Amino acid sequence: MENRITTLFFKIVGLGLILCSAEIFAETQEESLMLEVIDPYIELHTGPGKGYPIFYTIEQGETITVITRRTGWYEIRSSNGKIGWAKASQVARTLLPTGEPVDLPTVSYGDYLKNNWRVGFNVGQFTSGELEGTDVFGYSVGYRPFSFLGLEVEQGNFYETEISGSYQSFNIILEPYTEWVVSPLLLIGQGSIKIESQPELTPLSFEKDSFSRVGLGINYYIGRNFVLQAGVQDFTISTDNNDERVKRWNIGFNAFF
Amino acid sequence: MLRFSQLFLSMIFVVQLCGNISAAHAMDAEQQTSSISVISPQKKISKAESAKIDTENLEIGFFIGTLSVEDFGTNQTQGITAVYHLTPDYFAQLSLGRSDVGRATFEDVVEQDFLSDEDEKFNYTQLAFAYQIFHGRSFMGEKSKFNSHIYLVAGLENVEFAGESNTGFVFGSTYKVVTTDWLTWNFELKNHLIERDFLSNKKMTNNIEFNIGFNALF
Amino acid sequence: MEYWFQRILLVTKQLTLLCLSGLFYTAQAQESDKIDSEYFDVGLFTGILNIEDFNSEFITGINATFNANENYFVQFNYLQTDASLSSFEESQGALFSGSDRTFTHFDFLVGYNLFQGEHFLSGNEAKLSSLYLVSGVGDTEFGGEDSFTYTLGVGYQIAVQRDLLLKFDFRDYIYKTNIIGENKSAHNTQLSIALSYSF
């Protein structure tokens, strides 16, 4: 019990540190970014969303200052001091004072997954073997060194009336067609599984063992930073006698940043 | 468990559907504008105004939601309500709510009835005052724009439950969206604070309610 | 012993991730880094939780949100409280004691902004707001049980200051329990107010 809280505490602190470090590094350069508009016009909304009304338009050739960014939106200041939100796709088509096109993330997936962090969670069920009918949820932190390859650490918890336990796993994810809105992926993982409470009558053939797994899945990109994932996985748990194989399905969400 | 998995899945689909619907709206709008050929330039742009509570100061409607009763469970609640706007910043609200709490789990365990059927119903009559802390607009997709208001609510109520009739307090918050000039949507979060003497244990109880209400404007 | 080992492993893992993230952000010194971003918010919440068949309790917790785009966000929540004796327990004796009386819950949610808005406290300064629906999964520990939990909820938030969010939330934690009665599904509802810092 206490150990679980401590572990969780470490996880939260860890996540916090990652987020904070991202913030510190992002804020070290304080000079603001000035750009020249090359689109016929840029529309300024009162808030970062399609629904917010447009209250001002900035014309071609004007200089703008970028203040804040949110996913899909930039808060900008016009040369005459109007502050509002513009779509990232419009701001991305602007020029630096040197005349070079600006390198801001636009609205697409694919290559932008490269060098991205990812957090997510999933829910599912084991459908075969000794864990049949056991509900699972997992949460993961991942990093993608290449657009087609991701690495992630996953923590999973599973529950049934009489069984409960957890697993930790390190996964490699291969996703060759990231430019597609619906894109297939292959998952290979290695980890350890631990049963916290065994059924009273017939205990499972494993208690605390290692496992490997392979899985197939599909990513559906809802936005540039948000993906719905579904898949099936085959776990091979190494036990004292025979290897125990369990299948699992899952559905979940991941966010990139 | 399977049922819950299905519930979760269907939630996901509903969420997804909402996204798709708003996207579809946006696409429709684009197609329409491209098919219209402009003959003469419009000289006067008629300003689009969202519906708001101006001449109307009375709302009458119904609500449906969930109520958790301390020591018991969470059940559906429903009722009727009348709102009178005293000033743009304040309103008074009279609500009649009812929830069928049912048998407590511990009654099943000890196989004994602590309450009669009628006492298992939670009925409240409530008079509350609301103060508007925020007013503004809410947007749903690109096309829908509504006036909306956020209120803090406090009031007094009479509650009949577990064979007692008690005076209670209610605290909460309401998010009111004026969807048309005759209809408002209300998201109400409430806590009923009631002192209750049950199983010879007298204590202050918290009973959480969430409801969605639809009121007609008069 | 094994726990210690696991803990050390975890710490190492976190540190590695931290270093990686540092490297990543220094390596990526490009135009977009000159801009202050607002992707995350972290905060504290407090409120009341109705534990089914038990009492209502004051709770405190933490939340962390990543705003994936203008419509969706993912959120982590953690809360803890100690359950006092219910009326039934007051008359019949406590059903369990010790650390089992601590109610611990965490969950991962996905949220959808049903309404996005701008609201005014007074004057002309619009404050960004939204009304959202959330659903997700998590874990609840109470009464010696560790349960798979579904969370459903509604809430709204207003940026009272540009980087300070005020949130009003309603949540329902749904799980199977055998504490009292056989395999019943418990609905624990929660009302809470959160203050979050956005960055």
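For the reader, a short list of remarks on this structure follows.
- Filter on B:K121/B:K145; B:K176/C:K127; B:K121/C:K167; B:K203/C:K184 - keep pairs with C-alpha separation over 28 Å: B:K121/B:K145; B:K121/C:K167
- Estimated inter-spin distance, C:F58 and A:T63, nm [label 7 Å along Cα→Cβ]: 5.5
- Nonlocal amide H pairs with B:T205, under 5 Å, H built at 1.01 Å: B:I194, B:E195, B:R196
- Listed from fewest to most Cβ neighbours within 10 Å, the set C:Y112, A:Y143 follows the order A:Y143, C:Y112.
- FRET E, pair A:D240, B:D117, Förster distance 56 Å, beta-carbon r, rounded to 0.05: 0.45
- The Rg/Rh ratio for region B:58-217, using Cα coordinates for both the radius of gyration and the Kirkwood hydrodynamic radius, is 1.04.
- Shape of region A:111-256, Cα gyration tensor, a/c cut at 1.5: prolate
- Charged-residue dipole, Cβ positions (Lys, Arg, Asp, Glu), region C:55-198 about Cα centre, Debye nearest 20: 380
- Between C:T60 and C:Q80, the built amide H atoms are under 5 Å apart, and every one of these is 5 or more places off in sequence or on another chain.
- For region C:55-198, the equivalent ellipsoid derived from the alpha-carbon gyration tensor has semi-axes of 34, 16, 12 Å in decreasing order.
- Considering only the Cα atoms of region B:83-168, their convex hull presents on average a projected area of 8.6 nm².
- Couplings 3J(HN,Hα) for region A:127-141, derived from phi with the Karplus relation 6.51 cos²θ - 1.76 cosθ + 1.60 (θ = phi - 60°), are 10, 8, x, 5, 9, 3, x, 8, 7, 10, 9, x, 9, 9, 10 Hz, where x marks Gly and Pro.
- Taking 7 Å steps out from each Cα toward its Cβ at C:S185 and B:T180 produces label points 3.4 nm apart.
- Between region B:85-143 and region A:33-68, the alpha-carbon center distance in angstrom: 45
- Among B:M204, A:M34, B:M140, a tally of other beta-carbon atoms within 10 Å of each Cβ gives an order, fewest to most, of B:M204, A:M34, B:M140.
- Reachable aspartates and glutamates, given that their alpha-carbon falls under 14 Å from the alpha-carbon of B:K52 and they are not under 8 places away in the same chain: B:D89, B:D181
- Working note: Cα gyration tensor of region C:103-175, eigenvalues times five, square-rooted, sorted largest first, giving semi-axes of 32, 12, 8 Å.
- Amide proton proximity set for C:D36, modelled H, under 5 Å, gap of 5+: A:R69
- Least to most buried among C:V154, A:V232 (fewest other Cβ within 10 Å first): A:V232, C:V154
- Note that region A:183-195 has calculated 3J(HN,Hα) couplings of 10, x, 9, 10, 10, 10, x, 9, x, 10, 10, 9, 8 Hz, one per residue in order, obtained from phi through the Karplus relation 6.51 cos²θ - 1.76 cosθ + 1.60 (θ = phi - 60°); glycine and proline are x.
- Rg and Dmax of region A:179-234, Cα atoms only, in Å: 16.6, 51
Every number here is computed from the coordinates shown, using simple stated rules; none is lab data. Please read all numbers here as calculations on a predicted model, not as lab measurements. Don't worry about glycine lacking a Cβ; one is built from the backbone with ideal geometry, like all the others, and counts go over all protein chains shown.
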